[in-house]
Amino acid sequence: MLDDIFREKRGFKLVCGAGNEDLDEIEKLVYIYSLAGCNFFDVCAKKEVVLAAKSGLKRAGIEKDRYLCVSVGISGDPHITKAKIDPNKCIKCASCLNICPHGAIDSEINVIKQRCLGCCQCEKICPKGAITMESQIREYKDFLPELINLGIDAIEFHAISTDENDVDEKWAQLNEMFDGMLIISLDRSELGDKRLVERVKRLIRDRKPYTTVIQADGIAMSGNNDEYGTTLQAVATAQMFQNAKLPCYIMISGGTNTKTMELAALCSIDANCLAVGSYARKIIKEYLEKDNLFDDKNATDNAVKIAKSLVNGAIEKMSGKKLIGTMV
Ligand code: SF4
Ligand code: SF4
């Protein structure tokens, strides 16, 4: 059961990206990381993406103890946006193309929507202000029932907003539709510590203990490099929620990498799960680009070896147990 991986402090969530609709990449990511011992996969809330993730699990041949989650946002949530380029302002300098970490801008300076994760790096670098971020928010009732029927194990709610009414309303909809594990993703970008803790207390009031996970987010999509700096915010957010002693599991996410659990241990954080996105994708990027990855045993073995060192390293630090061989 999904609950076991949190209770036993061996949760490792691969963040494929709330806006990532690159089906080929998602199938390969899930395939490699499932073989590497990752037990939790967070994907975009679209039917074809969930099916691609399930196909990755099937190819790996390890579906037991592997769980799927979809991410949903609310208005203002930076995770559920995609870049849009205004051709009238663009001078084709290619700065956006060169900085995009996901190959989501083509040589004609068009956004490849399926690949865009909404990281905003192109928007920040554009010298002409030609790039804006467009919200991709949809009504939950229009897509969640179908995904729940397909078989998902958790829903992640990006509660990154100052609008308490909107948060409460969307949360009530999720509780109505889904009786499994819910994850509340929160960071400190909009609210201070006190309001964040109060918000969670209010949201979990009618839920059974430990049916909710608090995703303590740092700086989303910032973990490309293996540095302490990018992970610091996530650990600080986790510490704040740990001190609040809420009946929830704690997951650390946002700017995470191999340094995260080390820093968390130094700060005496008792986390139940680590979520890694940008860094996890980056370290196996060359294998994700291989057309014949599923038929290439050597490439698969190499990619799994790299991924396994990230997954096992994190779980060992979190659980305090040495892992031997592949976790199945
Ligand atoms: S950075 Fe801005 S101006 Fe330069 S190519 Fe991209 S959209 Fe155009
Ligand atoms: S830099 Fe980020 S926001 Fe811009 S196109 Fe690439 S993935 Fe999308």
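The values are calculated or read from the model by the stated rules, or taken from the named source; none is laboratory data. Note that the coordinates shown come from a computational prediction; the quantities given were computed from them, not determined experimentally. So basically every Cβ, Gly included, is an ideal-geometry build from the backbone, and we count neighbours across all protein chains shown.
Being charged (D, E, K, R) and either assigned by TED's automatic domain parsing to the domain that holds residue 185 or within 14 Å of ligand 2 (Cβ to nearest atom) (or both) is the filter here; which residues of the stretch 78-94 pass it?
Of all residues in the stretch 78-94, those charged (D, E, K, R) come to 82, 84, 86, 89, 92.
If the condition is that a residue be charged (D, E, K, R) and either assigned by TED's automatic domain parsing to the domain that holds residue 185 or within 14 Å of ligand 2 (Cβ to nearest atom) (or both), then 82, 84, 86 are the ones that fit.
What do you reckon, is residue 309 closer than 21 Å to residue 66 by Cα, at pLDDT 95 or above, out of contact with any Gly (no Cβ under 6 Å at 6 or more places or on another chain) and surrounded by fewer than 19 Cβ atoms within 10 Å (Cβ to Cβ)?
On the way: closer than 21 Å to residue 66 by Cα: yes; at pLDDT 95 or above: yes; out of contact with any Gly (no Cβ under 6 Å at 6 or more places or on another chain): yes; surrounded by fewer than 19 Cβ atoms within 10 Å (Cβ to Cβ): yes.
So residue 309 passes the test.
Determine the pairs where a residue that is closer than 22 Å to residue 102 by Cβ, located within the stretch 258-281, has a partner that is of a type in the set (Asp, Glu) with Cβ atoms under 7 Å apart, the partner being 6 or more residues away or on another chain.
258/226; 275/42; 279/226
Please indicate, with yes or no, whether at least one residue in the stretch 189-211 is outside the structural domain of residue 121 (by TED's automatic domain parsing), of a type outside the set (A, V, I, L, M, F, W, C), in contact with a strand residue (DSSP E or B) (Cβ under 8 Å, 6 or more places away or on another chain) and in a helix (DSSP H, G or I).
Scanning the stretch 189-211, I find at least one residue that is outside the structural domain of residue 121 (by TED's automatic domain parsing), of a type outside the set (A, V, I, L, M, F, W, C), in contact with a strand residue (DSSP E or B) (Cβ under 8 Å, 6 or more places away or on another chain) and in a helix (DSSP H, G or I), so the answer is yes.
Given the criteria outside any strand (DSSP E or B), under 24 Å from the mean Cα position of the chain (by Cα) and crowded, with 19+ Cβ neighbours inside 10 Å, does residue 138 qualify?
no
Looking at the structure I just gave you, is residue 146 in a helix (DSSP H, G or I), within 10 Å of ligand 2 (Cβ to nearest atom) and in contact (Cβ under 8 Å) with a residue 40 or more places away in the chain?
Numbers: in a helix (DSSP H, G or I): yes; within 10 Å of ligand 2 (Cβ to nearest atom): no; in contact (Cβ under 8 Å) with a residue 40 or more places away in the chain: yes.
Considered against the rule, which asks whether it is in a helix (DSSP H, G or I), within 10 Å of ligand 2 (Cβ to nearest atom) and in contact (Cβ under 8 Å) with a residue 40 or more places away in the chain, residue 146 comes out as no.
Determine if the stretch 112-132 includes at least one residue that is among the small types (Gly, Ala, Ser) and at pLDDT 95 or above.
Yes: one or more hits.
Evaluate the following for residue 99: is it under 22 Å from the mean Cα position of the chain (by Cα), near ligand 1 (Cβ under 9 Å from one of its atoms), hydrophobic (A, V, I, L, M, F, W, C) and surrounded by 22 or more Cβ atoms within 10 Å (Cβ to Cβ)?
no
Name, by its number, the condition in (1) within 13 Å of ligand 2 (Cβ to nearest atom); (2) modelled with pLDDT of 95 or more; (3) outside the structural domain of residue 122 (by TED's automatic domain parsing) that does not hold for residue 97.
Among (1) within 13 Å of ligand 2 (Cβ to nearest atom); (2) modelled with pLDDT of 95 or more; (3) outside the structural domain of residue 122 (by TED's automatic domain parsing), the lone unmet condition for residue 97 is (3).
In contact with a helix residue (DSSP H, G or I) (Cβ under 6 Å, 6 or more places away or on another chain) and more than 30 Å from residue 142 (Cα to Cα): is that true of residue 96 in this structure?
Working: in contact with a helix residue (DSSP H, G or I) (Cβ under 6 Å, 6 or more places away or on another chain): yes; more than 30 Å from residue 142 (Cα to Cα): yes.
Yes: the conditions hold for residue 96.
Which residue is nearest to the chain's Cα centre (by Cα), if the candidates are limited to the stretch 111-128 and must be near ligand 2 (Cβ under 6 Å from one of its atoms) and over 18 Å from residue 73 (Cα atoms)? Reasoning before the result, please.
Within the stretch 111-128, the subset near ligand 2 (Cβ under 6 Å from one of its atoms) is 111, 116-122.
Next, only the ones that are over 18 Å from residue 73 (Cα atoms) stay: 111, 121-122.
Details: 111: 21, 121: 17, 122: 20 Å.
It comes out as 121.
Output the number of the condition that residue 53 fails; it satisfies all remaining conditions of (1) more than 10 Å from ligand 2 (Cβ to nearest atom); (2) surrounded by fewer than 21 Cβ atoms within 10 Å (Cβ to Cβ).
It is condition (2) that residue 53 fails.
Given 322, 290, 317, which one is of a type in the set (D, E, K, R), more than 14 Å from residue 14 (Cα to Cα) and at pLDDT below 90?
That would be 322, the only listed residue that is of a type in the set (D, E, K, R), more than 14 Å from residue 14 (Cα to Cα) and at pLDDT below 90.
Give just the number: which of (1) closer than 23 Å to residue 190 by Cβ; (2) surrounded by 14 or more Cβ atoms within 10 Å (Cβ to Cβ); (3) within 14 Å of ligand 1 (Cβ to nearest atom) does residue 124 not satisfy?
Residue 124 satisfies all of (1) closer than 23 Å to residue 190 by Cβ; (2) surrounded by 14 or more Cβ atoms within 10 Å (Cβ to Cβ); (3) within 14 Å of ligand 1 (Cβ to nearest atom) except (2).
Please pick out the residue among 246, 266 that is of a type in the set (A, V, I, L, M), modelled with pLDDT under 95 and over 30 Å from residue 60 (Cβ atoms).
Checking each option against the conditions leaves just 266.
I want to confirm something. Restricting to the stretch 61-90 and keeping residues that are free of Cβ contacts under 8 Å to residues at least 60 places away in the same chain and surrounded by 22 or more Cβ atoms within 10 Å (Cβ to Cβ), which single residue is farthest from residue 104 (Cα to Cα)?
Filtering first and then ranking leaves 66.
Which condition does residue 74 not pass, out of (1) within 15 Å of ligand 1 (Cβ to nearest atom); (2) among the hydrophobic types (A, V, I, L, M, F, W, C); (3) touching a helix residue (DSSP H, G or I) at 6+ places or on another chain (Cβ under 7 Å), if it passes all the others?
Single failed check for residue 74: (1).
Is it fair to say residue 180 is surrounded by 14 or more Cβ atoms within 10 Å (Cβ to Cβ), away from ligand 1 (no atom under 16 Å from the Cβ) and under 21 Å from the mean Cα position of the chain (by Cα)?
So residue 180 passes the test.
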